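Presented below is the structure to which this report refers.
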Amino acid sequence: MSKRHQINARTRDVVRQTDAARKSFMTGDSFQNFTARVGLGTQNQSSGSSYGLDLVSRNRVQMEAVYRSSWVAGQAVDVVAMDMTRGGIEIDSDMQPADKDKLNTAMERLQIWNQLCENVKWSRLYGGSIAVILIDGQRPETPLRIDTISKGQFKGVMILDRWVVEPSLENLVTEYGPCLGKPKYYHVVADAQALMNQKIHYSRVIRLEGVQLPYWQRIAENGWGQSVLERLWDRLIAFDSTTAGTAQLVYKAHLRTLSIKDLRMLIASGGKSLEAVFKQIDMIRQLQTNEGLTVLDAEDTFETHQYSFGGLSDVLLRFGEQLSGALQIPLVRLFGQSPSGLNSSGDSDLRTYYDNVASWQDRDLRPGVTTLLEVLARSVLGKPLPDGFDFKFVPLWQLTDTEKADVGAKDTESVVKAYDAQIIGRATALKELRQSSQTTGLWTNITDEEIKEAEDEPPPSMSETGQDDADAPPNKRPEEKPNSDKNQ
């Protein structure tokens with residue numbers, strides 16, 4: 001064998017030995033110490049732990065029982081739904097103010113925000129809910145065509161949770177878009193409060209799923225999500241159990257014990273001896289008042305034992321913090337509890353929570369609200385929404401009167417400076433001031449007529465602005481009139 005072949009053979013042997021050694025010492029993706037039995041897979045108690053599927057979202061009766069009986073569960077479901085819908089929207093468009101008022105009035109009259117709040121609630125509780133868009137004179141099983149809606153046809157929305165509708169799992173949406181793969185129809189059960197036994201097209205519903213699930217889990221839930229209570233089920237039970245156990249300890253906070261000589265023998269013998277013991281105990285209870293005496297035999301012993309509740313408040317607080325973290329709702333909003341510590345007002349927690357609510361509004365509510373506004377425009381105004389139409393949800397964090405006054409003064413100063421520098425015209429300045437009124441509350445009385453008059457005004461001359469003609473830009477200088485003397 002040549003020297004090169006010997007080297008290659010020796011190299012292959014080293015590689016085989018290295019692979020064998022690596023396989024014999026292969027461990028899991030975690031720290032492990034088999035000698036000390038530390039880490040997962042080392043025959044300790046932690047290695048026996050696992051995660052199971054409670055699947056409590058499938059038990060409708062249990063979901064309703066916890067919602068009705070546990071105020072914490074009720075808060076977990078209701079708080080986010082109410083915060084997502086209590087502010088309403090601000091229409092950001094060039095629409096006439098009268099048209100904006102008509103749309104807002106129609107939403108209040110039809111209780112759109114109350115219905116959307118209910119839709120969010122039942123989706124969070126059950127894991128799914130739909131809001132059916134009610135169009136008078138149109139068949140619900142047909143696709144929604146907004147351009148066919150005439151004035152007065154829109155009658156509001158109807159909320160149906162996942163337990164009163166049956167999605168068509170074998171007939172799914174095949175058109176490309178956000179609804180691809182979702183059920184094409186929803187069949188309303190006979191026990192529903194309205195629309196019984198009707199088939200509703202997916203384009204006529206606003207669908208919410210609670211906590212969204214991966215594909216196979218979603219199939220197991222008939223296409224729905226899961227309840228927000230399922231993930232924190234064990235922590236919810238621990239919190240309520242600790243609270244109930246603490247309340248039970250109140251009855252044992254002050255225990256009294258009476259030691260009687262030969263009590264076991266007296267109980268065994270019974271008769272008048274045992275009756276005498278009971279009579280003595282009754283006498284002690286009658287005389288043992290705040291100013292009474294405890295009369296005992298010389299050989300009897302009476303003692304009192306008090307229970308200390310120290311540490312229980314910390315335990316309850318820690319369980320509450322776990323619920324707060326799981327729900328992404330701060331303690332000050334979930335429990336109405338003021339934060340502890342120096343200079344702690346809870347403002348930062350609320351700001352973070354309100355930012356989360358804003359993201360949930362854009363993710364879950366914006367598509368449905370956009371569709372409702374398009375339907376409302378046809379039904380109330382008799383025309384489609386203008387190009388560039390947009391809206392924003394009213395921020396939950398509101399400025400104080402001092403902060404509004406400060407912001408208003410700065411905005412007004414900026415607009416006035418831009419107008420004095422001839423960067424903007426008077427009409428634009430009035431529009432900017434009125435637009436800032438949504439935040440500051442100032443300049444709300446600027447009317448459309450005033451803006452229209454400002455638009456019709458001729459531009460100011462250089463003499464009015466105090467600017468010399470020579471210093472003006474070339475496009476702003478007045479045209480020179482021909483001099484008759486020079487021409488001559």
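The values are calculated or read from the model by the stated rules, or taken from the named source; none is laboratory data. Bear in mind the structure is a predicted one, so any value in this text is a computation, not a measurement. Cβ atoms come from the backbone with ideal geometry, glycine included; neighbour counts cover every protein chain shown. The accessibility values were calculated without ligands, DNA or RNA, using every heavy atom of the protein model including side chains. Shrake-Rupley method; radii C 1.70, N 1.55, O 1.52, S 1.80 Å.
Of the numbered criteria (1) surrounded by 16 or more Cβ atoms within 10 Å (Cβ to Cβ); (2) at pLDDT below 85; (3) within 30 Å of Leu331 (Cβ to Cβ), the one Leu442 fails is (3). When restricted to residues that are surrounded by 12 or more Cβ atoms within 10 Å (Cβ to Cβ) and at positive phi, the stretch 372-422 contains 1. Scanning the stretch 167-205 for residues that are free of Cβ contacts under 8 Å to residues at least 24 places away in the same chain, part of a strand (DSSP E or B) and not aliphatic (A, V, I, L, M) yields one hit, His187.
Within the stretch 222-258, the only residue that satisfies the criterion of being touching a strand residue (DSSP E or B) at 6+ places or on another chain (Cβ under 9 Å) and of a type in the set (Phe, Trp, Tyr) is Trp224.
Being surrounded by 13 or more Cβ atoms within 10 Å (Cβ to Cβ), more than 30 Å from Gly382 (Cα to Cα) and aliphatic (A, V, I, L, M) is the requirement here; does Val80 meet it? So Val80 passes the test. Against the definition (out of contact with any Cys (no Cβ under 8 Å at 6 or more places or on another chain), surrounded by 16 or more Cβ atoms within 10 Å (Cβ to Cβ) and under 30 Å from Ser129 (Cβ atoms)), how does Ser227 come out, yes or no? Here the answer is yes, as Ser227 does meet what is asked. Looking at the stretch 422-446, I want the residues that are in contact (Cβ under 8 Å) with a residue 24 or more places away in the chain and basic (Lys, Arg) and have a partner that is exposed (fewer than 14 other Cβ atoms within 10 Å of the Cβ) and outside any helix (DSSP H, G or I) with Cβ atoms under 7 Å, at least 6 apart or on another chain. Which pairs are those? Sorted first by the residue in the stretch 422-446, then by its partner, the pairs are Arg426/Glu457.
Pairs are defined by a Cβ separation below 6 Å, a sequence spacing of at least 6 or placement on different chains, a first member in the stretch 114-139 that is under 22 Å from Met196 (Cα atoms), and a second member that is open to solvent by 40 Å² or more (accessible area, probe 1.4 Å) and of a type in the set (Lys, Arg); the pairs so defined are Ile130/Arg207; Leu134/Lys155; Asp136/Lys155. Does the stretch 239-267 hold any residues that are in contact with a Leu (Cβ under 9 Å, 6 or more places away or on another chain) and either touching a residue at least 12 places away in the same chain (Cβ under 8 Å) or open to solvent by 70 Å² or more (accessible area, probe 1.4 Å) (or both), and which are they? Matches in the stretch 239-267: Phe239, Thr242, Thr243, Thr246, Leu249, Leu258, Ile260, Ile267.
Counting only helices (runs of 4 or more DSSP H) that sit completely within the stretch 310-426, those holding 3 or more residues that are over 17 Å from the mean Cα position of the chain (by Cα) and at pLDDT 90 or above correspond to 366-376. Being under 26 Å from the mean Cα position of the chain (by Cα) and within 19 Å of Val77 (Cβ to Cβ): is that true of Ile130 here? So Ile130 passes the test. Number of residues in the stretch 206-223 that are part of a strand (DSSP E or B) and open to solvent by 30 Å² or more (accessible area, probe 1.4 Å) equals 1. Restricting attention to the stretch 270-307, the residues that are part of a loop (DSSP other than H, G, I, E, B) and open to solvent by less than 90 Å² (accessible area, probe 1.4 Å) total 9. Scanning the stretch 67-109 for residues that are in contact with a strand residue (DSSP E or B) (Cβ under 7 Å, 6 or more places away or on another chain) and farther than 22 Å from Val157 by Cβ turns up Asp92, Ser93.
All of Val56, Val72 fail the test of being in contact with a Phe, Trp or Tyr (Cβ under 9 Å, 6 or more places away or on another chain), surrounded by 10 or more Cβ atoms within 10 Å (Cβ to Cβ), at pLDDT below 90 and over 30 Å from Leu373 (Cα atoms), apart from Val56. Taking the criterion of being acidic (Asp, Glu) and without any contact (Cβ under 8 Å) to a residue 60 or more places away in the chain, the residues of the stretch 367-421 that qualify are Asp387, Asp401, Glu403, Asp406, Asp411, Glu413, Asp420. If the condition is being surrounded by 15 or more Cβ atoms within 10 Å (Cβ to Cβ), hydrophobic (A, V, I, L, M, F, W, C) and more than 17 Å from the chain's Cα centre (by Cα), then the stretch 90-119 contributes Ile91, Met95, Leu103, Ala106, Met107, Leu110, Ile112.
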